[in-house]
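Each remark here refers to the structure printed beneath this line.
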Amino acid sequence: MGLDARKIRILKAIIQTYLETGEPVGSRTISKYSDLQLSSATIRNEMSDLEEMGYIMQPHTSAGRIPSDKGYRFYVDQLIQEKEHEVTQMRDMVIQRVDRVELLLKQLARLLAANTNYATLISGPQYRRTKLKFIQLSRVEAGKLLIVTVLEGNIIKNSIARLDAELTDEDILNLNILLNNSLIGLTIEQINLDVISRMKEQAGPRREVVDLVLNEVAEAIRANEEDLQIYTEGATNIFKYPELSDGERASQLLGTLEQKELLKELLSNDADAEKKNGIQVYIGNETPVQSMKDCSVVTANYELGGGLRGTIGIIGPKRMDYDKVVSTLRSLMSQLEDTFNQEER
């Protein structure tokens, strides 16, 4: 008789429950695991098989079961194997050249939620002093100009501008050359009156178009710095914790995870967090969001190079596994920074 998938799940549930409570575990307790979806009778039969195979034992008559040394050994070996796979999966995902940072962050949020069994939030990257990387003007149709602004991190902003006068192909080519030669590598603060005056002088009769494009570029940079994207995963994990899963409390928490303005309070790069190596822990009433007063929140700042920064937050019960959460975040921060710093060299 071998260990099939169902026996392994039941054995893990027995060991995890025993580790938490220190009491022998019965079939009724295991049947309450929502992901098992097995009857007490089925679990009793499987537990009998596990006992016969030497993975669990009954300390005395009519008591539940506890893990044997063989059971502990199987559990630890499985745990180590799973953790090694998780680390490899995370490292491979980070090392891959992901064209869109958004996709990378969504994948990280999903992986963290699965690994920790808590709700996970990640703020999209924002720049301090965003620099221009490229500008492209193209004719869309008569009287309309497409302005493509590419910022650091390959963040792309598109806008359509209306023209008072038509531009020739030569006009558009010359304007593209002028804009890129004059603006690439500059922040919005560096696009000063001197830069603008020189550009207008070189643009000659097309100086009005330079004005129009500069307004759109400035708006693209401001929008990027102000528009904070937040990706959430694992919101339903809160139902795994009785102290958070009652109707009203769970409803408030789920609602909060959909409110961007409230989440900004958690995912801010405050000075205190930076002083603590990027890790900040809020417990209960320390949490700045009222509906999370029964929770603990751990946040960490990430950096993808070139000033591209954001924050990751993990939300769980006050009895969360702080050691696991903090070590997971530290490992992730290190991998992200090492990978992206290496790419910049």
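Here are a few things to note about the model shown:
- Condition check for residue 156: touching a Ser or Thr at 6+ places or on another chain (Cβ under 8 Å), surrounded by fewer than 16 Cβ atoms within 10 Å (Cβ to Cβ) and without any contact (Cβ under 8 Å) to a residue 12 or more places away in the chain: yes
- Some residue of segment 99-119 being modelled with pLDDT under 65 and of a type outside the set (A, V, I, L, M): yes
- Applying the condition of being in contact with a strand residue (DSSP E or B) (Cβ under 6 Å, 6 or more places away or on another chain) and either loosely packed, with under 15 Cβ neighbours inside 10 Å or without any contact (Cβ under 8 Å) to a residue 60 or more places away in the chain (or both) to segment 11-24 and asking which residue is farthest from residue 320 (Cα to Cα) yields 24.
- Helices (runs of 4 or more DSSP H) enclosed by segment 191-264 - at least 3 residues per element that are surrounded by 13 or more Cβ atoms within 10 Å (Cβ to Cβ) and assigned by TED's automatic domain parsing to the domain that holds residue 149: 193-203, 207-226
- Among the candidates 83, 70, 144, 133, residue that is under 29 Å from the mean Cα position of the chain (by Cα), basic (Lys, Arg) and modelled with pLDDT of 80 or more: 133
- Within segment 36-62, the set of residues being in contact (Cβ under 8 Å) with a residue 24 or more places away in the chain and loosely packed, with under 15 Cβ neighbours inside 10 Å comprises 52, 58, 59.
- Every pair of residues 6+ apart whose Cβ atoms lie under 6 Å, when the first sits in segment 186-205 and is under 22 Å from residue 150 (Cα atoms) while the second is in a helix (DSSP H, G or I): 188/218; 188/221; 199/182; 199/210; 200/207; 200/210; 203/210
The values are calculated or read from the model by the stated rules, or taken from the named source; none is laboratory data. Every value quoted in this text rests on a predicted model; they were computed, and no experiment measured them. As a convention, Cβ positions derive from the backbone with ideal geometry for all residues, glycine included, and neighbour counts pool all protein chains shown.
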